[in-house]
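Just below is one structure, and these are the notes that go with it.
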């Protein structure tokens with residue numbers, strides 16, 4: 001039987017959030033039912049539900065940073081049992097059979113992974129996200145949250161954590177390297193912690209120095225203001241790796257000059273504007289400009305275990321379900337340190 005629950009939905013891009021009743025699909029034999037305890041607010045949620053990335057399917061509940069406890073499992077489930085502390089990120093299913101899925105890159109499923117919200121699910125309905133009381137997920141897309149992590153602080157790791165961990169791991173950021181984190185927001189504050197835990201010498205690049213003390217507390221050795229006169233000339237060729245978390249248009253060529261020869265800039269921010277770059281910015285120094293898109297389920301689990309081992313967590317501000325509209329405005333204004341998390345007990 002379908003499961004009836006409360007969820008926080010919008011009926012349109014400009015409508016306020018409303019607590020409504022929705023149905024989760026009838027759990028299949030390989031499904032897990034999770035009681036959601038905390039749901040992080042990602043900027044992607046805002047882009048989606050405000051139709052900034054194209055028309056969404058309304059009414060819609062968003063949210064792909066989910067932490068909770070298993071409350072039921074299907075007959076064929078072998079990985080989970082009732083009471084397990086778990087998380088769900090940006091995906092709830094994939095084909096499991098294509099080349100990418102077999103290699104652990106379910107996020108690049110050649111037949112199309114099923115997103116946690118706003119896409120067609122296996123039963124033909126539109127997936128509804130984590131701003132809700134429960135979620136039904138294929139067991140392969142559930143991750144274990146280690147006991148060392150609080151559920152509310154772990155929730156944002158399911159997107160912000162893996163988004164920053166994946167490129168840092170892929171490009172082997174390590175001790176002795178000089179790493180710059182461009183932007184200190186929801187993504188950047190996780191990038192600082194992860195790169196520092198890898199042993200790198202971390203610098204935060206920001207327009208101002210107002211977050212310098214916070215950056216130091218997160219593990220950065222220093223913060224530099226990119227608006228200072230002569231900044232790009234003074235720091236040219238300084239960094240091995242730059243994690244670009246900025247979701248606004250920037251002059252990529254100028255920032256690539258900050259890299260050493262063979263250096264890498266990994267882009268995880270998604271500005272709506274197109275950005276141009278001259279080939280010479282890459283050819284001169286054999287530099288790499290690359291993108292990175294979350295990670296597979298195995299890597300997401302690796303990230304959670306790494307964060308637990310090193311005492312890393314998202315810095316959060318908890319809110320109730322009646323505060324989400326205001327929280328969205330604050331996220332857009334950059335007024336949060338560093339991630340809002342919805343306390344789902346307030347439904």
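Please enumerate the residues belonging to region 217-231 that are assigned to a helix (DSSP H, G or I) and under 22 Å from residue 173 (Cα atoms).
Answer for region 217-231, where residues must be assigned to a helix (DSSP H, G or I) and under 22 Å from residue 173 (Cα atoms): 217, 218.
In this structure, is residue 64 in a loop (DSSP other than H, G, I, E, B), within 16 Å of the chain's Cα centre (by Cα) and touching a residue at least 40 places away in the same chain (Cβ under 8 Å)?
yes
Can you tell me which residues in region 232-253 are surrounded by 13 or more Cβ atoms within 10 Å (Cβ to Cβ) and either in a loop (DSSP other than H, G, I, E, B) or modelled with pLDDT under 95 (or both)?
First, pick out the residues of region 232-253 that are surrounded by 13 or more Cβ atoms within 10 Å (Cβ to Cβ): 232, 235-236, 238-247, 250-253.
235, 236, 238, 245, 246, 247, 250, 251, 252, 253 - these are the residues of region 232-253 that are surrounded by 13 or more Cβ atoms within 10 Å (Cβ to Cβ) and either in a loop (DSSP other than H, G, I, E, B) or modelled with pLDDT under 95 (or both).
Among the residues of region 171-188, what is the count of those that are touching a helix residue (DSSP H, G or I) at 6+ places or on another chain (Cβ under 6 Å) and either outside any loop (DSSP other than H, G, I, E, B) or closer than 13 Å to residue 239 by Cα (or both)?
Number satisfying all stated conditions: 3.
Would a scan of region 54-76 turn up a residue that is surrounded by fewer than 17 Cβ atoms within 10 Å (Cβ to Cβ), assigned by TED's automatic domain parsing to the domain that holds residue 32, touching a helix residue (DSSP H, G or I) at 6+ places or on another chain (Cβ under 9 Å) and within 25 Å of residue 292 (Cα to Cα)?
Yes: region 54-76 contains one or more residues that are surrounded by fewer than 17 Cβ atoms within 10 Å (Cβ to Cβ), assigned by TED's automatic domain parsing to the domain that holds residue 32, touching a helix residue (DSSP H, G or I) at 6+ places or on another chain (Cβ under 9 Å) and within 25 Å of residue 292 (Cα to Cα).
Taking region 15-35, which residues are at pLDDT 95 or above, assigned to a loop (DSSP other than H, G, I, E, B) and surrounded by fewer than 13 Cβ atoms within 10 Å (Cβ to Cβ)?
Those that are at pLDDT 95 or above, assigned to a loop (DSSP other than H, G, I, E, B) and surrounded by fewer than 13 Cβ atoms within 10 Å (Cβ to Cβ): 16, 29.
Only one of (1) over 26 Å from residue 19 (Cα atoms); (2) assigned to a helix (DSSP H, G or I); (3) touching a residue at least 40 places away in the same chain (Cβ under 8 Å) fails for residue 282. Which number is that?
Looking at each condition in turn, residue 282 falls short on (3).
I'm told residue 86 meets every condition in (1) touching a residue at least 40 places away in the same chain (Cβ under 8 Å); (2) surrounded by fewer than 17 Cβ atoms within 10 Å (Cβ to Cβ) except one. Can you identify the failing condition by its number?
Tallying (1) touching a residue at least 40 places away in the same chain (Cβ under 8 Å); (2) surrounded by fewer than 17 Cβ atoms within 10 Å (Cβ to Cβ), residue 86 fails exactly one: (2).
The values are calculated or read from the model by the stated rules, or taken from the named source; none is laboratory data. Model, not experiment: these values are computed from the prediction. Cβ sites come from the backbone with ideal geometry, for glycine too, and all protein chains shown count toward neighbours.
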